1. Tell me the net charge near Pro329. Cut-off is 13 Å between Cβ atoms, Pro329 excluded, with +1 for each Lys or Arg and -1 for each Asp or Glu.
2. With charges set only on the Cβ (+1 for Lys and Arg, -1 for Asp and Glu), what does the dipole of the chain come to about its Cα centre, in debye to the nearest 20?
3. On a full-extension model of 0.36 nm per residue, what is the gain between Asn444 and Lys374, subtracting their alpha-carbon distance, rounded to one decimal in nm?
4. Would you work out the relative contact order for the chain, in percent, from Cα pairs under 8 angstrom that are 6 or more residues apart?
5. Looking only at segment 420-443, which residues have a backbone nitrogen under 17 Å from a spot 7 Å from the Cα of Asp90 in the C-beta direction?
6. Let me know the shape class of segment 185-280, please: from the alpha-carbon gyration tensor, a ≥ b ≥ c as square roots of the eigenvalues, rounded when a/c is under 1.5, otherwise prolate if a/b is greater than b/c, or oblate.
7. Can you give me the relative contact order of segment 298-441 as a percent, contacts being Cα pairs under 8 Å and 6 or more apart?
8. Hey, if we sort Met403, Met123, Met50 by accessible area with the 1.4 Å probe, largest down, what's the order?
Amino acid sequence: MNYNDEIKNMVEKSKIALQQLEDCTQAQADNMCRVIAKAVAGEARKLAEMAVKETGMGNVEDKVLKNSNIGDGIWTTMKNQKSVGIIREDEELGLTYVAKPKGVIGCVTPTTNPSLTSLGNAMLALKGRNTVIIAPHPRAKNVTEYTVDLMNKALKSIGAPENVIQIITEPSIEKTKELMSTVDVVVATGGMAMVKSAYSSGKPAFGVGQGNVQVIVGDDCNDYDKVARDIIMSRSFDNGIICAGDQCAIVHKDCEQLLVDALVRNGAYYSDKSDVIEKFKSVIFEDGHTAKEAVGKPILEVAEKAGVKIPEETRIVVLKAFRHGAEEPLCSEKMCPVLTLLTYDDFEEAVEIARTNLLFQGAGHTAVLHSNNKEYIEYASLRIPVCRLLVNVPGIASTGIGMMANIKPTPSIGCGSWGNNSISENLTYEHLINVSVIALPSKNKAQTSEEIWAD
């Protein structure tokens, strides 16, 4: 069977399952989401170990958290929400809203978060009675297939139809492209080339933008240890491969040493020496991107390759930068536990540095501000080109993991037009349902043109 026939056969099976889900109740749809989340959470450690072994990226403990927390978080925010049949009525306006499935959802999953993305997208899809076909990254196919097997066993245990969730067991670029052009909706999580391909598939698509989280530390900061702990946790999480991890810390020049000291106290290795910085850059970057041998690697391994001796307990490396934007590679996304430190003279300059770095790489995703100054917060929100400005929490809060901020948990972060995405918010089940409106005659008296345009 050639790959065209293979994908066609999978989609046909998926459409049969879709028909079988037509009479699915809200309780049954919710139960499907609940059981697959519990199934993956129950094997969170095994899945984490499999992912690290197969991909060579990240670390087990953080992947355990991701594999369990994503299901918990998504379930918490969706369990009491309507997504089947009549979901809302407005008697005053005479409008009734009816939810229907979008159809077969093709989900492209990355090597960085194979289990998390598969589970998260499946939950969002099943909430609206859709079916799912997953196209895994070739270097994460085994752990992704095991994740899908867990979900399917859970679905079988509650009598769900067969083929509600399927996976391409021998993935390839050709099969993924064929899938994206054949399904009803595409959800693409991965590199920018894959996301671009999804938007070119001819089908409605949801993709993610590139991350490069900028962190501004306001000059009103009064707890540098708390800021340092947030930054280190965010930058080191899963060895730096999460797109929402902090990337650049921008601090007032008079407060630089306070932040550096706090970072070092909490597990960072800091250097402003040009020879050390160049050694790290030679290992981290290749052709303007994070070098493959550095992606998701422990910081001790990155330092060893750079020929720099750092303490065994080091969690991240912090390197001083003296330029920003396209002039400095350290101001781009670094998919390993390395943070860039920059300084500013006044808050307007701090915002401009963050803005420039984001327009260089990562616009639309997330920025962080450590400050309680309302004027700073408002100014930053108006000037920085991101869809999420987080205040006094780490960048990884933008995914909803850990519920550190009231942002809906998701495997796919929309970055708006800045990131060439179709949505600017976190992907939720609401994006994967069609909503029909029943409209009764209006009770309001029609206005004349003069009345409409009157002051």
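The values are calculated or read from the model by the stated rules, or taken from the named source; none is laboratory data. Everything numeric here is computed off the predicted structure, so don't read it as measured data. Every residue, glycine as well, gets a Cβ built from its backbone with ideal geometry; the counts of neighbours run over all protein chains shown. These accessible areas exclude ligands, DNA and RNA; they are computed on the full protein's heavy atoms, side chains included. Shrake-Rupley method; radii C 1.70, N 1.55, O 1.52, S 1.80 Å.
1. Working: positive: Lys281, Arg323, Lys334; negative: Glu278, Glu286, Asp287, Glu327, Glu328, Glu333.
Its environment carries a net charge of -3.
2. Working: 48 positive and 58 negative charges, 313 e Å.
Computed about the Cα centre, the dipole is about 1500 debye.
3. Details: separation 70, 0.36 × 70 = 25.20 nm, distance 4.14 nm.
Stretched fully, the Asn444-Lys374 segment lengthens by 21.1 nm.
4. Working: 990 pairs, mean separation 84.5, N = 455.
That works out to 19 percent.
5. Those under the cut-off are 435-443.
6. On the way: a/c = 2.97, a/b = 2.27, b/c = 1.31.
Note, shape of segment 185-280 comes out prolate.
7. On the way: 198 pairs, mean separation 21.7, N = 144.
Once normalised by length, the contact order is 15 percent.
8. Values: Met403 85, Met123 0, Met50 50 Å².
The residues order as Met403, Met50, Met123, largest area first.
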